[in-house]
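Since the structure comes first, as structure tokens, the remarks are kept for the end.
The values are calculated or read from the model by the stated rules, or taken from the named source; none is laboratory data. Just so we're clear, the structure is a prediction, and the values are computed from it rather than from any experiment. Heads up, the Cβs are rebuilt from the backbone with ideal geometry, glycines too, and the neighbour counts pull from every protein chain shown. Each accessible area value is taken on the protein alone, full model and side chains, heavy atoms only, with ligands, DNA and RNA left out. Shrake-Rupley method; radii C 1.70, N 1.55, O 1.52, S 1.80 Å.
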Amino acid sequence: MIRVVLADDQTLVRAGFRSILTGEDGIEVVGEAADGAEAVRLARRLRPDVVLMDIRMPGMDGLAATRGITTSGAVRVIILTTFDLDEYVYGALRAGASGFLVKDTEPAELIHGVRVVARGDALIAPSITRRLIAEFAARGAQPDPGPRLRALTEREREVMTLVAAGLSNDEIAARLVLSPATAKTHVSRIMTKAQVRDRAQLVVLAYESGLTVPGWVTRG
């Protein structure tokens, strides 16, 4: 059973998400929070698998709450917002979120997102990846490979670059002529060596380290 906490300052929004998720097999909404501080308290007390987190809330906002929740490493956060802006995409991923969806997402996509993140994967659509690239480029940050990436093999660097492009394991396997199982194994080893917990953090690391540079990525 996937246990979910909803965090949004609008009661009707929470009710809508609850209605969508409650009817799904294997998903249970175990709590609701109206602000970031309450979301952090519920996450620590209830230990859900996933928190659906609004960004703009009174008091502690969703980004601060996400940082407070993800420090334990056990609870995963999907950011839900009406503000589809670069600063929030970058900020959410840097705060430790495992996914990012806008509130007009179709119900099926929301349900899929919860399942994907609950099983330990990241929910990063190609459009989100493009905004992350643009945001990183605009910040003019200086890349720093660091010891974590220097420990990667040449093949692992290649796979990590494709992860940063938003490719799934199956797409990586097809691109590199590997089996999907081998691609998955490579990604798991990379995350272990890079000391990140999911693909979302791996994408951030790829750009901040300079392994992947804005303008390189292609899904063709």
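General remarks:
- Computed over neighbours whose Cβ is under 12 Å from that of SER188, the net charge equals +2, Lys and Arg +1, Asp and Glu -1.
- Three-way shape label, the range 1-129, alpha-carbon gyration tensor, a/c 1.5: rounded
- Solvent accessible area, Å² - ASP25, 1.4 Å probe, full protein context: 130 Å²
- For the range 34-76 versus the range 142-193, the inter-centroid distance based on Cα atoms is 29 Å.
- Accessible surface of ARG14, taken over heavy atoms with a 1.4 Å probe and every protein chain present, rounds to 30 Å².
- With R₀ set to 30 Å, the beta-carbon distance separating ARG47 from ARG155 gives a calculated FRET efficiency near 0.25.
- THR11 sits with roughly 90 Å² accessible to a 1.4 Å probe, with DNA, RNA and ligands left out of the calculation.
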